[in-house]
1. Given contacts defined as C-alpha pairs under 8 Å and at least six residues apart, what's the relative contact order of the stretch 213-424, whole-number percent?
2. Bin by bin, in steps of 5 Å, what percent of the Cα pairs in the stretch 196-278 do you find, going until the bin that has the longest distance?
3. Arranged by the count of other C-beta atoms within 10 angstrom, fewest first, what order do Met249, Met223 take?
4. Starting with the fewest neighbours, write out Trp340, Trp209, Trp171 ranked by other beta-carbon atoms found within 10 Å of each beta-carbon.
5. Quick one: if you stick a label point 7 Å off each Cα along the C-beta vector at Asp350 and Gln387, how many nm between them?
6. Output the pairs from Lys159/Lys287; Lys30/Lys150; Lys226/Lys327; Lys242/Lys276; Lys276/Lys384; Lys243/Lys384 with a Cα-Cα distance over 21 Å in this structure; if there are none, say none.
7. What distance in nm separates the two pseudo spin-label positions at Asp305 and Asp219, each 7 Å out from Cα along the beta-carbon direction?
8. Give, in nm to one decimal, the length gained when the segment between Thr370 and Glu405 is fully stretched (0.36 nm per residue of separation minus the Cα-Cα distance).
Amino acid sequence: MALFEVEGWNIKANNVSYDSANAKKENKKKERKVRAKRANERRIEAIKNAESDDEDFQEHAEEAEEQARAEEQAQAEEQAQDEERESVAPETEEQAQSEDRKTSIQKVEKSAKKKANEPKKANEPKKASKKRSAEKSEVGGDPEPAQPAKKPLTALQQKMMAKLSGSRFRWINEQLYTISSESALELIKKQPELFDEYHDGFRSQVQSWPENPVDVFVDQFRMRSKKPVNAPGGLPGLPNDKKIVVADMGCGEAQLSLELRNFFAEANKKSKRYQKKNCVVHSFDLKKVNNRITVADIRNVPLPDGSCTVVVFCLALMGTNFLDFIKEAYRLLAPRGELWIAEIKSRFADREGEEFVNAIKLLGFFHKKTDDTNKMFTRFEFFKPPQDIIEERKAKLERKQRFVEVETEKEELETKRNKAPEGKWLLKPCIYKRR
Ligand code: SAH
């Protein structure tokens, strides 16, 4: 089929003896180009649709991606057949040159393709996986299949793939902020790949910030470790052996654990024997992406009561029932143990986080400080008072006749939580903007 026809040309062209095979080949090439262009346009269309609605986008993106893939596949097969017929040398110079590029691009493409299929997976898992296995069988079970003649993505295609991943990240992010912690654990158990996609996006978000909150926490450990454990200004340790036991709740990839291990190992090398510090970090999250992590819903982690001295929530108050996580921290902490929280500023309805601090105080913590100096997140420190201080405070409130008032406030908080989970009114979901 000719792309366009000018009367008389076909006849001439057909009769040109110099290279009718070449002419055919040229025509085929042109056709392929046009089809590739169409496939691209469909992808662009899908990206545009994303601007209006993420959910719609998932559908559009998947359809467009499938069509585009099908066309590319057909082209690739056609091209492969042509090449076979012509017994072309297995690898041209150009192909060889672009091999490195291809490998990395295929990675992007592969994950983006996976991404385009994911949201539907929950409802219609069969269709997408069928296609994937069909593609796999084409290449005869190669574990990391070089898709037949898959072309390197153009810059525009790569940009679109990045957009697709961005949309996927925002979609998963929104899920985690709008469901209970129990459902989040279920979701990641069923679709563990969502966790990886989430963290790809999360990592790139945090990299664009002036400071990563994990680094700020590491600095806190660094600074406070200059003083003896349990001394004023020093880190809190267990009363008997001064062991610093940290629970990193919603640890992500457990960066905190890694950094603290390295830091204390280095610091201990240089310290005198009596100054050496023993620090252990327990890291909890919904997926075990490395050996430092224990899978658990952070409302209920497998550690005994009073066994920790610092509990950290670094951007991890995600489930709608996040006050349950704070109650869990209270259970885990030894008296004088500390609760460290960093949360995105935009989550606080009152900007300063005063209402948030009050809720945590009602759950039994004493507020130590709020650090508002960072542009993206606010950092809070609380501690669990020892029993004698609790008694003392109670007596003081009773003298001032305020004890009943506080008890009533606690009840009110629970009543409010029963009506609507705190994820709906105390902290807003963190919504990342399109970039
Ligand atoms: N603290 C890490 C990761 C922050 S992202 C850091 O700052 O780098 C928030 C993390 O909380 C995600 O990894 C998410 O999986 C985890 N998370 C959210 N709800 C959770 C729950 N109920 N139980 C365990 N982890 C949870």
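1. This gives 16 percent for the stretch 213-424.
2. 3, 12, 21, 23, 17, 9, 8, 5, 2
3. Met223, Met249
4. On the way: Trp340 23, Trp209 13, Trp171 20.
Lowest to highest Cβ neighbour count: Trp209, Trp171, Trp340.
5. Computed distance between label sites Asp350 and Gln387 equals 3.3 nm.
6. Flagged as over cut-off: Lys159/Lys287; Lys226/Lys327; Lys276/Lys384.
7. According to this spin-label approximation, the distance is 3.8 nm.
8. Working: separation 35, 0.36 × 35 = 12.60 nm, distance 2.49 nm.
Gain in length upon complete extension: 10.1 nm.
Quick note: the coordinates plus some simple rules give every number you see, no bench work behind them. These numbers come from a predicted model, not from an experiment. Counting neighbours? That spans all protein chains shown, and the Cβs are built from the backbone with ideal geometry, glycine included.
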